Amino acid sequence: MPPPTVFCPGSVAGLLRVFRALGALAFTCFMAHGVLAGEGTPAPGAVFNDPRPPQVSELSAPTIPAPQPNPDIQFHNPPKTLAKGARVRDWRLFLGPNHNGTCEETHLLKDLPQEGPPLVWEMPKGESYASPAIAKGRLIFFHRLANEEVIECLHPETGERYWRVAYPTDYKDRYGYNDGPRASPIVDEEDHVYTLGAAGVLSCIHLLTGHLFWQRDLLSEFKIPQDFFGVAATPLIEGNNLIINLGAPGGPCVAAFERASGKLAWGAGHEWGPSCSAPIPAVFHGKRRVLVFAGGESRPPVGGLLSVDPVGGTIDFQFPWRSQSVESVNASRPVVVGNRVFISASYQTGGAMLEVQPDGSTKLLWTTQDLGTHFMTSIHKDGFLYGFDGRNEQDASLVCLDWNTGKLHWRKVLEWEEEVEWRGKKRTIRRGTFRGALVEAEGKFLCLGELGSLQWLDLSPKGCREISRAKLFEAPESWTPPVVSHGLLYICRNYQDLLTDKPPRLLCYDLRAPD
């Protein structure tokens, strides 16, 4: 089901002005999820019982299906053969194999044609902000079609379908925005696919067969009101558990579920509610921890960084960091390098650099108002931090900070003029990256703009240099982080193309460089 139509002011430039004015509200609307925090908060060390453990459906004699023709796929051209010596990886996890938007692939196409890399295939997509996952020659895509949340397993190079799992949903965004999943699917090394829907349905599916092992309705079972705009944070695979910033009233705030059974392994109670920021693993002074940047809808607004022992759920430390605006949410994932953690939020919140001490306490090294990330995650490279600052399109800019001191090295607004044809007339519009999504690969940065531009950028403390730029489409809400796997680039166009009126698409591009 396509997203709702928005007002068309009669020109692309006018449309862009409307989107710039409404962009921050729109994204806050769809990202902000939570319950009122601080009500009935349990005492530290409280033990939580599983209200309704799921029934597990065993898979005794699996039959692995072959890929079948997919009538939804429009196939264009097969991708090039991988260059000799090219290094490739699966993309099983949110923001890639390293959880942080860095890509280890090599021999990628840097000289982008104006119309974009060669298009391999495309598929109409339903409502969703989730990025695909790639594992074992399979692509997992999670979206909403009509009144169902649908998990599809496709061949990454052809779009052929292996299997499809669907279940009903009645989730409705009360602000009229996208009603589809926000959290991305993830895949563990034992071939289990995990999805978490907008209304809190958590599923475990066999990657190779599509067999549903278990499923549970977290909002119903833990009595979590469906407040604001849906469940948004992607779960984290950690050991034998799946860790979720649950935010149940009275606890748990953070919950670990056994991957094999779906049962509650432990819960960590706290007065901070759920956020839209995915938990991330870390190792501090040899100790494995999970970081949860909590804080969604609450009155008064509260939230911040939690460090949790993944074995039993003990909270080591908490660091308050939250906007004073009620209509705000912590959405950007923490950036972890060594014993240091950078957290950031928009709405006049800014960023903070923490250093975890050997005793588990934290030391605040510096704060900044130069990098307040709204929902994208910044990337660390060679002692510097690169990310998009700004709450709205019109005030967004790319910045470079010194990782050690927080010093601002430069700030750049990525904008340009572009000629487009719309309704039979050529027009010149002001176009830009705005709040872009970065992927670091081969020392450079691939950047997807939120209206559909694609750039390769050379970023260093000396400045920002554009290597090449392509125009993929003209569509707002392109907030889904891009995926690069086995030399292919996967882009989600979450809104209809404003120039062609084509509905939303999942697009597969050939990013393999010629040998």
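What follows is calculated from the coordinates using simple rules that are stated; it is not laboratory data. For clarity, every value in this text was computed on a predicted model and none was experimentally measured. Counting neighbours? That spans all protein chains shown, and the Cβs are built from the backbone with ideal geometry, glycine included.
Counted without the sites themselves, the longest stretch of the chain free of GluC sites (Glu not before Pro) in a DSSP loop having at most 12 other beta carbon atoms within 10 Å is 191-515.
Taken over segment 99-233, the alpha-carbon convex hull comes to 148 cubic angstrom per residue.
For the chain, the mean residue ellipticity at 222 nm estimated from helices alone is -1500 deg cm²/dmol, where every DSSP H run of n ≥ 4 contributes -39500 (n - 2.57) and the total is divided by all residues, rounded to the nearest 500. Computed over segment 12-510, the P(r) curve from all C-alpha pair distances, binned at 10 Å from the origin, holds 4, 20, 32, 28, 13, 2, 0 percent per bin. Near the amide H of LYS407, within less than 5 Å, lie the amide hydrogens of ASP402, all on another chain or at least 5 residues away, with H placed in the peptide plane.
Which loop-located trypsin sites (Lys or Arg not before Pro) does segment 92-176 contain, where loop means any DSSP state but H, G, I, E or B and the Cβ has at most 13 other Cβ atoms within 10 Å? Walk me through the numbers on the way to the answer.
Numbers: sites: ARG92, LYS110, LYS125, LYS136, ARG138, ARG144, ARG161, ARG164, LYS172, ARG174; in loops: ARG92, LYS110, LYS125, LYS136, LYS172, ARG174.
Passing both the DSSP loop test and the Cβ count: LYS136, LYS172, ARG174.
Put a dot 7 Å past the Cα of ASP316, heading toward its Cβ, do the same for ARG89, and the two dots end up 2.3 nm apart. Amide H contacts under 5 Å for TRP266: ALA256, restricted to partners 5 or more places along the chain or on a different chain, H placed in the peptide plane at 1.01 Å from N.
The trypsin sites (Lys or Arg not before Pro) of segment 419-498 meeting both criteria, a DSSP state outside H, G, I, E and B (loop) and at most 16 other C-beta atoms within 10 angstrom of the site's C-beta, are ARG423, LYS462.
Residues in segment 183-191 carry Karplus couplings, in order, of 6, 8, x, 9, 9, 8, 6, 9, 6 Hz; the curve used is 6.51 cos²θ - 1.76 cosθ + 1.60 with θ = phi - 60°, and Gly or Pro positions show x.
Of LYS84/LYS381; LYS110/LYS412; LYS80/LYS444; LYS136/LYS407; LYS125/LYS287, which sit over 31 Å apart, Cα to Cα?
LYS136/LYS407; LYS125/LYS287
Evaluating 6.51 cos²θ - 1.76 cosθ + 1.60 at θ = phi - 60° for every residue in segment 362-379, the Karplus couplings come out as 10, 10, 7, 8, 6, 10, 8, 9, 7, 9, x, 6, 6, 8, 7, 9, 6, 10 Hz, glycine and proline recorded as x.
Counting Lys and Arg as +1 and Asp and Glu as -1, each charge on the Cβ, what is the dipole of the chain about the Cα centre in debye, to the nearest 20? The partial results should precede the final answer.
Details: 51 positive and 57 negative charges, 160 e Å.
About 780 debye.
Straight-line cross-link partners of LYS172 among the aspartates and glutamates, defined as a Cα under 20 Å from its Cα and at least 8 positions apart when in the same chain: GLU127, GLU148, GLU149, ASP217, GLU221, ASP227, GLU297, GLU327, GLU477.
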